[in-house]
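Report on one structure; see the data block that follows.
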Amino acid sequence: MGIGAWGAWFALSLGSGREVMWNTFGVEIHNRPNGLYGVVGRGEMAPLEKDSARVLVTGAAGFIGMHLSSRLAREGIEVAGLDNFNEYYSPAYKRARASHLESEHGLRVVDGDVCDRKLVKDILDKHRITHIVHLAAQPGVRYSVKHPLAYVNRNVECFVELLEAIVATPKADRPYLVYASSSSVYGLNEKIPFAEADRVDRPANLYGATKRGNEEIALAYWRLHGLRSVGCRFFTVYGPWGRPDMAMYDFTEKISKGKPLTIYNGGEMKRDFTYVGDIVEGLVKILEWRAPDDHPQVFNLGNKSPVALLDFIKTIESALGKNATIVDGGPSPGEVAVTFADISLAQKVLGFDPKTTLAEGTHKFVEWYKSSERQPGFEVVAKRRALRSR
């Protein structure tokens, strides 16, 4: 049929980085999402097969690392875990997670550092690793103000050591790399919600700058060595076994014990709280996705529903049945006012669809917090707070 039958076609570029096309009847006929590096094709799915997939998880005794390792092990996927059990927060807590993995799944976490290139290469060779999920990193915004070199070492130097271990493997046998980035890369970007194609050249803190650096380093290694990788920009992850320096754990503990909560910037902040189970689902989808041209890519993994800090506190109060005492801690340098994920790229390309509401996720966390599972060795967590508070 000719133009007279179908109408003329025209395109409009939207602020979210998407290109939508209509005909003159006003019917949308094409929607191609843009990512950090331009239009993103749907690619192909390569399902994880329990007989052939072997996944190295760095930071396996960390919060997300433990949950991902558990999920993969339940599906019969061979997992090799690596963690250095550092003292950013209680090593006893991390070892409790590692013990959980061993008792539930027979998965032993190797005590070692990603910066040890030889150790990493030995693991890759011994287990014939096919996929890597790199979650080991130095987290935290406020801690980065007083301990900048920890971020340069753990987030930049160790990342390069990992990539060097990968490219030392023959190209045909190189594992597929998925790594943790962060919503902090958006820095002082004022456009809401944050989309992958938005500006990321105005960092608000060193932590965000190092995670953005990971994305650029990954791109350089693709251009130099053909290394395939996907970065995951996580948005405020919470849930059972969460980090004690994060708001969900910290606030729940203080409210339950009648201790005051210190909030910063007058509580005038919003965060896109994302339940860890939804994050793990997104990671699995990324592990199974292949870009059509093997070009590196980055995806937002968030809940697309920012919540004001004071409303967040009310949700915890409701789950605990106790009221909080709030203390104003003044300004907090480096904190951004709002995080809000535009997840349309992950929805369209990966089928990512977070389902857990904040109320549901908070209920699950509080149930775990009160459970006997949390107790062994956890008195150390209460006595020895994260180093960032020192």
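If I filter the range 157-195 down to residues being touching a helix residue (DSSP H, G or I) at 6+ places or on another chain (Cβ under 6 Å) and within 22 Å of residue 335 (Cβ to Cβ), which single residue comes out as most open to solvent (accessible area, probe 1.4 Å)? In this case the residue turns out to be 184.
Among residues of the range 211-227 that are touching a residue at least 40 places away in the same chain (Cβ under 8 Å) and under 21 Å from residue 138 (Cα atoms), those with a Cβ under 8 angstrom from a residue that is among the small types (Gly, Ala, Ser) and open to solvent by 20 Å² or more (accessible area, probe 1.4 Å), sequence gap 6+ or separate chain, pair up as 211/137; 211/184. Specify the residue that is nearest to residue 208 (Cα to Cα); the eligible residues are those in the range 290-326 that are open to solvent by 60 Å² or more (accessible area, probe 1.4 Å) and in contact (Cβ under 8 Å) with a residue 60 or more places away in the chain. Step by step, filter the range 290-326, then rank; the result is 304. Mind checking whether some residue in the range 81-95 is at negative phi, in a helix (DSSP H, G or I) and open to solvent by 40 Å² or more (accessible area, probe 1.4 Å)? Yes, there is a match, as at least one residue in the range 81-95 is at negative phi, in a helix (DSSP H, G or I) and open to solvent by 40 Å² or more (accessible area, probe 1.4 Å). Would the range 203-214 turn up any residue that is open to solvent by less than 10 Å² (accessible area, probe 1.4 Å) and closer than 25 Å to residue 54 by Cβ? So far as the range 203-214 goes, yes, one or more of its residues are open to solvent by less than 10 Å² (accessible area, probe 1.4 Å) and closer than 25 Å to residue 54 by Cβ.
The residues of the range 143-183 that are within 15 Å of residue 203 (Cβ to Cβ) and in contact (Cβ under 8 Å) with a residue 60 or more places away in the chain, listed by number, are 144, 145, 156, 181, 183.
Within the range 262-281, the set of residues being in a loop (DSSP other than H, G, I, E, B) and closer than 30 Å to residue 73 by Cβ comprises 272, 273. Taking the criterion of being closer than 29 Å to residue 36 by Cβ, in contact with a helix residue (DSSP H, G or I) (Cβ under 9 Å, 6 or more places away or on another chain), open to solvent by 70 Å² or more (accessible area, probe 1.4 Å) and modelled with pLDDT of 95 or more, would at least one residue in the range 359-373 satisfy it? The answer is no, given that none of the residues of the range 359-373 is closer than 29 Å to residue 36 by Cβ, in contact with a helix residue (DSSP H, G or I) (Cβ under 9 Å, 6 or more places away or on another chain), open to solvent by 70 Å² or more (accessible area, probe 1.4 Å) and modelled with pLDDT of 95 or more.
The values are calculated or read from the model by the stated rules, or taken from the named source; none is laboratory data. Everything quoted here is computed from the prediction, not taken from an experiment. Cβ coordinates were reconstructed from backbone atoms using ideal geometry, including for glycine residues, and neighbour counts include every protein chain displayed. With ligands, DNA and RNA removed, areas are computed over all heavy atoms of the protein, side chains included. Shrake-Rupley method; radii C 1.70, N 1.55, O 1.52, S 1.80 Å.
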